[in-house]
1. Per 10 Å bin, what percent of the C-alpha pairs of the stretch 17-61 does each bin hold, from zero upward?
2. When only alpha-carbon atoms are used, what values of Rg and Dmax, in angstrom, describe the stretch 40-114?
3. Among the aspartates and glutamates, which have Cα under 18 Å from the Cα of residue 128 when same-chain residues fewer than 8 positions away are ignored?
4. Could you state the angle between the C-alpha long axis of helix 124-133 and the longest principal axis of the C-alpha atoms of the chain, as a value from 0 to 90 degrees rounded to the nearest 10?
5. Over 23 Å between Cα atoms, which of 8/37; 23/98; 8/31; 57/79; 23/68 qualify?
6. Rolling a 1.4 angstrom probe over the protein heavy atoms, how many square angstrom per residue are accessible across the stretch 49-119?
7. In Å, what Rg and Dmax follow from the Cα atoms of the chain?
8. I want the local charge near residue 108. Using Cβ-Cβ distances under 12 Å, sum +1 for each Lys or Arg and -1 for each Asp or Glu among the other residues.
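The values are calculated or read from the model by the stated rules, or taken from the named source; none is laboratory data. Please read these numbers as outputs of a predicted model, since none were measured by experiment. Every residue, glycine among them, receives a Cβ derived from its backbone with ideal geometry; neighbour counts consider all protein chains shown. Each accessible area value is taken on the protein alone, full model and side chains, heavy atoms only, with ligands, DNA and RNA left out. Shrake-Rupley method; radii C 1.70, N 1.55, O 1.52, S 1.80 Å.
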Amino acid sequence: MPSYWILKTEPTTYSYGDLAGEKRTRWDGVKNNLALKHIRTMQAGDAVLIYHSGKEKSLVGQARVTSKPYADPDAGDPKLVVVDIEAAGALPRPVTLKEIKADEALAELALVRMPRLSVVPATAAQWKRMLQLAGR
């Protein structure tokens, strides 16, 4: 059974459009201990929503984890782990943080409770609701 994740990125640094163009990427640059703990539990096949932070503040696309976690080969620190992900399609419409916060079914979503964390889990029910809001 796959797990569900939200990965946050600043779109001026790396956007969902960049991922869609490349098709696959290594998800790196994470340094927060709790976010790294989340990455260490990811498995190939897990589902991902990409969230644009900054001015956009919205869920914009889907992706899939395609590898087990591994040490970031460019970091020189074995504590810094990464996974590979592949694009799985833009959402029919972005789901804003304002919409997420206003939805009672998403009140306990880690994106709402821990807004500064760049890698957060979601439950199956939360995942389904976010996709409904996006028009899927």
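1. P(r) for the stretch 17-61, in whole percents per bin: 20, 51, 29, 0.
2. Looking at the stretch 40-114, its Cα Rg and Dmax stand at 14.6, 43 Å.
3. Residue 128 reaches 46, 99, 103, 104, 108.
4. Rounded to the nearest ten degrees, it is 60.
5. Numbers: 8/37 15 Å; 23/98 29 Å; 8/31 13 Å; 57/79 29 Å; 23/68 18 Å.
Over 23 Å Cα-Cα: 23/98; 57/79.
6. Normalised by residue count, the accessible surface of the stretch 49-119 is 52 Å².
7. Considering the chain through its Cα atoms, Rg and Dmax are 13.9, 43 Å.
8. Numbers: positive: 101, 113, 129; negative: 103, 104.
With Lys, Arg at +1 and Asp, Glu at -1, the net is +1.
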